[in-house]
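Visitor: Structure in structure tokens, see below.
The values are calculated or read from the model by the stated rules, or taken from the named source; none is laboratory data. In this text the structure is predicted, and so the values were computed from the model without any measurement. Positions of Cβ are generated from backbone atoms using ideal geometry, with glycine treated the same way; all protein chains shown enter the neighbour counts.
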Amino acid sequence: MEEDLQHALMFFSDAKCFWEEAHAWFDIRLPRLHSRSWAKDILCDPMIAEMDRAKIIAIMWTIWHSRNRLKHDQKGLDPTTSLRSIKESLVLLELPRNATKILPGYGWRPPDEGTVKITTDGAINFAQNCSGAGGVARSSTAFLGAWCKPHVGISDPLIVEALAMRDGARFAKIRGFTHVIMEMDCLEMVEMVQLWSNRHNSRSIVAPILLEIGELVSDFSLFDVLHVNRSANVPAHLCAKHACTLNVTECWLEESPSFLVTSLLADCPRNALI
């Protein structure tokens with residue numbers, strides 16, 4: 001029998017993989033739908049909540065797109081990656097416009113073209129005896145990556161900040177960035193870097209970490225460390241706080257995690273929602 005649209009979007013073996021992921025990501029399952037009125041029911045029936053309706057439509061569109069790729073001898077979409085992308089996109093629909101506005105003169109500033117700006121931060125959870133380091137890398141036009149790294153047993157704020165900066169230098173090295181500006185809201189750490197760069201304060205508690213950073217960036221064409229206000233470092237702060245809840249390091253490339261969407265959107269001067 002010729003495959004109909006309902007079968008392609010709901011019952012086909014590949015489609016079932018997407019709906020299994022949908023249950024894991026959104027705790028949503030398709031309701032029992034009539035074979036003749038299923039499309040109208042999804043669009044109009046009050047038994048489906050508005051936000052669930054948006055999720056179902058987005059998932060079905062992704063299934064259809066994946067099916068078309070398979071029909072044209074291309075690789076189908078990965079259900080896990082696709083559902084994560086859908087979740088992050090739907091977060092944008094829930095954002096009120098006021099949540100994306102920032103005051104002129106405050107907040108993050110994009111770097112010049114050809115330069116990568118990396119913001120880092122550290123956080124400590126004294127109750128759990130752990131800390132976290134996080135960072136976000138961006139160019140003048142794009143999100144380049146973010147990471148959250150837990151550190152068990154470290155409670156010195158300066159060490160955590162130094163580790164966060166080291167992780168930022170490692171990220172830049174691995175990704176091949178050589179024109180880098182590092183920003184952090186810890187003034188003491190920035191001053192420590194400046195003193196160490198002039199070969200002073202070599203006995204500091206973070207001197208070994210600074211030495212490692214120096215080796216990592218030795219062949220960079222530009223590596224500046226600048227102090228910024230906390231308001232300009234919100235995404236990195238969120239990454240550091242999230243790292244305190246983890247057991248292993250998490251990293252994102254090209255697609256940002258959902259908990260960063262609001263802050264990254266607020267940092268964008270060309271935000272279409274404003």
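Visitor: If a residue has to be closer than 23 Å to Q128 by Cβ and of a type outside the set (A, V, I, L, M) to count, how many in the range 259-268 make the cut?
Guide: Residues meeting the conditions: 1.
Visitor: Can I ask one more? Do we find that L9 is among the hydrophobic types (A, V, I, L, M, F, W, C) and either in contact (Cβ under 8 Å) with a residue 40 or more places away in the chain or part of a loop (DSSP other than H, G, I, E, B) (or both) in this structure?
Guide: Yes; evaluated as a whole, the condition is true for this residue.
Visitor: Only one of these is closer than 14 Å to W108 by Cα, in the same structural domain as R175 (by TED's automatic domain parsing) and either surrounded by fewer than 18 Cβ atoms within 10 Å (Cβ to Cβ) or in contact with a helix residue (DSSP H, G or I) (Cβ under 7 Å, 6 or more places away or on another chain) (or both): N247, N229, N233. Name it.
Guide: Every option except N229 fails the conditions.
Visitor: Please state which of the following conditions I154 fails to meet, knowing it meets all the rest: (1) without any contact (Cβ under 8 Å) to a residue 40 or more places away in the chain; (2) of a type outside the set (S, T, Y); (3) outside any loop (DSSP other than H, G, I, E, B).
Guide: With respect to (1) without any contact (Cβ under 8 Å) to a residue 40 or more places away in the chain; (2) of a type outside the set (S, T, Y); (3) outside any loop (DSSP other than H, G, I, E, B), I154 is out only on (3).
Visitor: Could you tell me whether any residue of the range 29-38 is in a helix (DSSP H, G or I) and surrounded by fewer than 18 Cβ atoms within 10 Å (Cβ to Cβ)?
Guide: Within the range 29-38 (the criterion being in a helix (DSSP H, G or I) and surrounded by fewer than 18 Cβ atoms within 10 Å (Cβ to Cβ)), the answer is no, since none of the residues qualifies.
Visitor: Take I174 and tell me if it is in the same structural domain as L253 (by TED's automatic domain parsing), β-branched (V, I, T) and surrounded by 15 or more Cβ atoms within 10 Å (Cβ to Cβ).
Guide: For I174, the condition - in the same structural domain as L253 (by TED's automatic domain parsing), β-branched (V, I, T) and surrounded by 15 or more Cβ atoms within 10 Å (Cβ to Cβ) - is not met.
Visitor: To continue, here is another question. For the range 236-258, how many residues meet the condition of being within 12 Å of A133 (Cα to Cα) and part of a helix (DSSP H, G or I)?
Guide: Total satisfying the criteria: 8.
Visitor: What are the residues in the range 52-90 that are among the β-branched types (V, I, T) and either farther than 16 Å from S13 by Cβ or in a loop (DSSP other than H, G, I, E, B) (or both), if any? Show your work before the answer.
Guide: Kept after step one, since they are among the β-branched types (V, I, T), are these residues of the range 52-90: 56-57, 59, 62-63, 80-81, 86.
I56, I57, T80, T81, I86 - these are the residues of the range 52-90 that are among the β-branched types (V, I, T) and either farther than 16 Å from S13 by Cβ or in a loop (DSSP other than H, G, I, E, B) (or both).
Visitor: Turning to a different aspect of this structure: Going through the range 166-208 one residue at a time, which ones are at pLDDT below 95, of a type in the set (A, V, I, L, M, F, W, C) and in a loop (DSSP other than H, G, I, E, B)?
Guide: Residues satisfying the conditions are C186, I205, V206.
Visitor: Moving to a separate point now. I'm trying to understand the selection: among the residues of the range 52-74, which are free of Cβ contacts under 8 Å to residues at least 40 places away in the same chain and under 25 Å from the mean Cα position of the chain (by Cα)? Spell out the reasoning first.
Guide: Keep residues of the range 52-74 that are free of Cβ contacts under 8 Å to residues at least 40 places away in the same chain, which gives 52-58, 61, 65, 68-69, 71-74.
Passing the criteria: D52, A54, K55, I56, I57, A58, W61, H65.
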